[in-house]
Amino acid sequence: MAQTGSWTPRRIFPGRARPLLEEGRRALKGGARDEGMALLRAACILDPSVYCKPWGLMPLLKAEGRDRLRPRMLERLQDWYRAPRSRVHAHVARLTQKEEMRLYIEDLGLPLPQLWQQVPDLEALDWAALPQRVVLKPVNGASSKGVVVAAEGRDHMAQAAITPDLETYAKALYGCLFEAPPQILAEEMLEDVAAQTDPALVIPRDFKAYVVAGHVAFVRVHDRNAADGKRSMMTLDRQGRRLPAALAGWPEAPGADGTEIAPLAGYDALIAMAEYLSARLPVLLRLDFYLTPSGPVFGEFTTFPNAGLDHTGFGRRTVLQMWEAWPD
């Protein structure tokens, strides 16, 4: 497993980026779009927080009919999955499949949850061999559909009692959710880095890093430990400072925009790992991690985050600016 201490984010240069940001804005406003985008890309290389600032690009995209995320993501879905236009796109698309993802991440030596079993369906699981604390998930699931986080006799994802046993409970749940039985992974149940100080964090939080061209622009942190699966969310920049909410429909975690949260052990290593992966796969992606007492653990690749839906104005603008700066 990669050592957390060996992962340090690269240096940034906000002072050098600031004048480039201002020059880029002026160029866009003056109609020199190519020049403006070149200046803004240079600013982002020096300081990825520039992605999160307004550039004056949105009116131009609106005039072109390109200011909505979902239609653009649906078009990319067609180009990448149904009729790939490049080997790079086909390669990245395959990494959204959990088997392919695990092989790729293992080859890079990055940490993953321990895999206990991988089977064609629930019937093939060796239930007696599973540990008391375990996560069951479909191989190619999305939006946490079918994920069971089992510990102490409860499915903490659904906030439901597991009765009479995990096998019966899971088969009944999957019978309601899926027409055809999906392939199943049984994985280690991880511990959140802050679980000792916040016992409610039974399900480890998701740290969803939005990346492009080797840069983390922002990270959404989802706490699912509530009856509706939405206890709270916060949006952070790569330095751990609070940003405006990037996704609608979640309660905001305590804290104000522009403030720094209490330092999270391992957050810097998470940023460094995300940027390492993004440099190898420089297209717009969301990289999901968990943050444990031993450091970050990789979760999955996402090419279609939230299906392009429910982003706030801030989230939509930032993602589109990332995409326009480094089109795929």
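The values are calculated or read from the model by the stated rules, or taken from the named source; none is laboratory data. Note that the structure is a prediction, hence the values are computed from the model and not measured. Cβ: placed from backbone, ideal geometry, glycine included. Neighbour counts: every protein chain shown. Protein only, heavy atoms only, side chains kept; ligands, DNA and RNA dropped before computing areas. Shrake-Rupley method; radii C 1.70, N 1.55, O 1.52, S 1.80 Å.
Is there a quick way to get the dipole size of the chain? I mean about its Cα centre, with the Cβ of Lys and Arg at +1 and of Asp and Glu at -1; what is the value in debye to the nearest 20?
Numbers: 40 positive and 40 negative charges, 315 e Å.
For this selection, approximately 1520 debye.
Would you work out the relative contact order for the chain, in percent, from Cα pairs under 8 angstrom that are 6 or more residues apart?
20 percent.
For the chain, what does the accessible surface come to per residue with a 1.4 Å probe? Please give it in Å². Walk me through the numbers before you get to the answer.
Values: 15010 Å² over 328 residues.
Computed with neighbouring chains in place, this is 46 Å² per residue.
If the only charges are +1 at each Lys and Arg Cβ and -1 at each Asp and Glu Cβ, what is the size of the charge dipole of the stretch 78-151 around the Cα centre, to the nearest 20 debye?
Numbers: 9 positive and 8 negative charges, 68 e Å.
With Lys and Arg at +1 and Asp and Glu at -1, about 320 debye.
Using only the alpha-carbon atoms, how far is helix 14-29 inclined from the longest principal axis of the chain? Give it as 0 to 90 degrees, nearest 10.
Orientation of helix 14-29: about 70 degrees from the principal axis.
Rank these by accessible area, largest first, 1.4 Å probe: 176, 52. Intermediate values should be presented prior to the final figure.
Working: 176 115, 52 15 Å².
The ordering from most to least exposed comes out as 176, 52.
To the nearest 10 degrees, how steep is helix 313-325 against the longest Cα principal axis of the chain, on a 0 to 90 scale?
70 degrees
Tell me, what HN-Hα J-couplings in whole Hz come from the Karplus equation 6.51 cos²θ - 1.76 cosθ + 1.60 at θ = phi - 60° for each residue of the stretch 148-156, using x for Gly and Pro?
Here the 3J(HN,Hα) series is 10, 10, 9, 7, 6, x, 10, 8, 6 Hz.
Taking H placed 1.01 Å from N in the peptide plane, check which residues at least 5 places from residue 160 or on another chain put their amide H under 5 Å from its amide H.
HN-HN under 5 Å from residue 160: 155.
Can you work out the Karplus-derived ³J(HN,Hα) for every residue in the stretch 233-245? Use 6.51 cos²θ - 1.76 cosθ + 1.60 with θ = phi - 60°, whole Hz, and x for glycine or proline.
With coefficients 6.51, -1.76 and 1.60, one gets 9, 9, 10, 10, 8, 5, 9, x, 8, 5, 10, x, 4 Hz.
Apply the Karplus curve 6.51 cos²θ - 1.76 cosθ + 1.60, θ = phi - 60°, to the phi angles in the stretch 192-203 and return the couplings in whole Hz, x for Gly and Pro.
Per residue, the Karplus-derived 3J(HN,Hα) values read 5, 4, 9, 5, 5, 9, 10, x, 5, 7, 6, 7 Hz.
Quick one: with all protein chains in place, what share of the accessible area of the stretch 181-328 is carbon or sulfur, to the nearest percent (1.4 Å probe)? Before the final figure, lay out each step's value.
Working: 2630 of 4970 Å².
Of the solvent-accessible surface of the stretch 181-328, carbon and sulfur hold 53 percent.
I'd like to compare 18-25, 71-78: which one has the highest average count of other Cβ atoms within 10 Å, and what's the full order after that? Walk me through the numbers before you get to the answer.
Numbers: 18-25: 17.9, 71-78: 14.6.
In descending order of packing, they fall as 18-25, 71-78.
In degrees between 0 and 90, to the nearest 10, how far off the longest principal axis of the chain does helix 98-108 point, with axes built from Cα atoms?
Helix 98-108 sits roughly 70 degrees off the main axis of the chain.
What figure in square angstrom, to the nearest 10, would you give for the accessible area of residue 105 with a 1.4 Å probe?
It works out to around 0 Å².
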